[in-house]
Amino acid sequence: MFLLKKVFQLRDKANPDAEKPFLEHLEDLRVMVTRVVVTLLITTILCFTYRDQLMEILRKPISDVWEIHSANKLPKSGKLNADQWETAKTSSEVLAHLPESLHDLYLEQLPVEDRERVIVASCYRAAISLPEKQQPAFVASLSSLNPAQRGLLEELLVGKPDAVAGTRDRFKFMSSLNPTEAFMLSMKLAFFAGTVMAFPLLLYYVLQFVMPGLHQHEKRAILPALAIGFGLFICGVLFAFLWVLPSVLEFFYTYGESMGIANEWRIGYYLSFATQFTLIFGLCFELPVVVWVLVKIGLLHYELMSRTRGYAVVAIVILAAVITPTPDAFTLGLLALPMILLYELSIWLAWFDARAQKKREQKEEEERLARLLSHPPVAEEPRDEIEQEETAVDHDDSYVPHDAYATEEGEEEDRGDPQEPREKSE
């Protein structure tokens, strides 16, 4: 309720000529909420029809994490990438379950490059099952390996990548905890995509509610603000989804692995984390638009923001620490640093706006003075004659206006004879 009262006071300040009672503010709020709900419902239904494509897009950070994690452990020479290593592990596991008489037949079905990788993967899986001190002697005893295969095997033993087949698919596709989770996750993903799609309309509804009764030039100023706001929102979402989210996931994946914890993430937790993470970044990138609106309605000024810059930086860091879904300082910095830069940009935008407004006022004042100088007031001749007559009257003490006689006579008539009441009393 306290927040609603503050918003209603902001509405009245934005439009002082049309103040409304509390109930009418609530009616406007109901209309805004209804528009927002209907818009989100339409966009959510539309995005639900493309749920499979959206799920593939949202799995991309997981694929990036797997590739980054695998690339850090695979040979730096580039002889082997993550996909090739995963294929080699799967084929070596199949080879291990076949009778020895069928090994050559199975290997003949594979391309030459894949055949060599499968042999190296089989030797690697056998080597890491031994104690680390015995591994060099085991590799030296493998006389069937050529120098290229032996060198690749030695590089793998240094990096020690994962030797279990199918871990990428289990990590990428994950698992659900109950029968209805897949459907509910599809709805949540569709709602998230619908929010991103409908964000310009949602922002327009909010601005229309906060600043009612706008003039025509103010309405024209809202359209660029909506375009800039949507652009900043999309930039925040893409920045979080393409760069920040993979780095954060890689950090937690490596951290859990270093502690001996298997990273078997659940699809529900991952989707909640990813959508919340990207939406937070998108909304935080709206800081310049919010500041611009507050400057336009007179609640903020660039001088105030410039003087309180240090306090604002501390507040941004605290806000980033509260709203980020992860407790690490790395994610905090990835959110706080762009917000600080955007706040500094907001100060400059407010300064340029105040400067432009001051120039407009000076120009209008110069034009007004120019009009006054180009058209001096013309003296009226009848007025000069009247002024000369009044001046002559001031110098002639014997002159008495005719109206004065009339006034005095009228007063005498009203007063009557002052001696009459005395005679009557006698």
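In this structure, I267 does not qualify as aliphatic (A, V, I, L, M), surrounded by 15 or more Cβ atoms within 10 Å (Cβ to Cβ) and under 19 Å from L332 (Cβ atoms).
Evaluation of A182 against the conditions (1) outside any loop (DSSP other than H, G, I, E, B); (2) open to solvent by 70 Å² or more (accessible area, probe 1.4 Å) shows that the sole unmet condition is (2).
L283 passes all but one of (1) open to solvent by less than 50 Å² (accessible area, probe 1.4 Å); (2) of a type in the set (A, V, I, L, M, F, W, C); (3) touching a helix residue (DSSP H, G or I) at 6+ places or on another chain (Cβ under 8 Å); (4) within 25 Å of T331 (Cα to Cα); which number fails? Failed condition: (1).
Looking across the range 182-235, the residues that are in contact with a Lys or Arg (Cβ under 7 Å, 6 or more places away or on another chain) and modelled with pLDDT of 80 or more come down to S186, L189, A190, Y205.
Got a sec? Which of Y270, Y343 is over 21 Å from F233 (Cα atoms), touching a residue at least 40 places away in the same chain (Cβ under 8 Å) and not acidic (D, E)?
Only one candidate passes the filter, namely Y270.
Of the helices (runs of 4 or more DSSP H) lying entirely inside the range 233-343, those containing at least 2 residues that are within 30 Å of K160 (Cβ to Cβ) span 245-258, 267-284. In the range 141-167, which residue that is surrounded by 11 or more Cβ atoms within 10 Å (Cβ to Cβ) and more than 22 Å from A71 (Cα to Cα) is nearest to the chain's Cα centre (by Cα)? Filtering the range 141-167 for residues that are surrounded by 11 or more Cβ atoms within 10 Å (Cβ to Cβ) and more than 22 Å from A71 (Cα to Cα), the one nearest to the chain's Cα centre (by Cα) comes out as L145.
For (1) in contact with a Phe, Trp or Tyr (Cβ under 6 Å, 6 or more places away or on another chain); (2) not polar (S, T, N, Q), each residue gets a yes or a no:
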| residue | (1), (2) |
| --- | --- |
| S247 | no, no |
| E250 | no, yes |
| T254 | no, no |
| T275 | yes, no |
| V291 | no, yes |
| R309 | no, yes |
| A321 | no, yes |
| S346 | no, no |
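Among helices (runs of 4 or more DSSP H) entirely within the range 1-80, having at least 3 residues that are at pLDDT 85 or above, within 22 Å of the chain's Cα centre (by Cα) and hydroxyl-bearing (S, T, Y) singles out 22-48. Within the range 52-93, restricting attention to residues that are without any contact (Cβ under 8 Å) to a residue 60 or more places away in the chain and open to solvent by less than 40 Å² (accessible area, probe 1.4 Å), the residue that is farthest from L156 (Cα to Cα) is S91.
The values are calculated or read from the model by the stated rules, or taken from the named source; none is laboratory data. Just so it is clear, the model here is predicted, and its values are computed rather than measured. Backbone-built Cβ (ideal geometry, glycine too); neighbour counts: all protein chains shown. Just the protein is used for accessible areas: all its heavy atoms, side chains included, with ligands, DNA and RNA removed. Shrake-Rupley method; radii C 1.70, N 1.55, O 1.52, S 1.80 Å.
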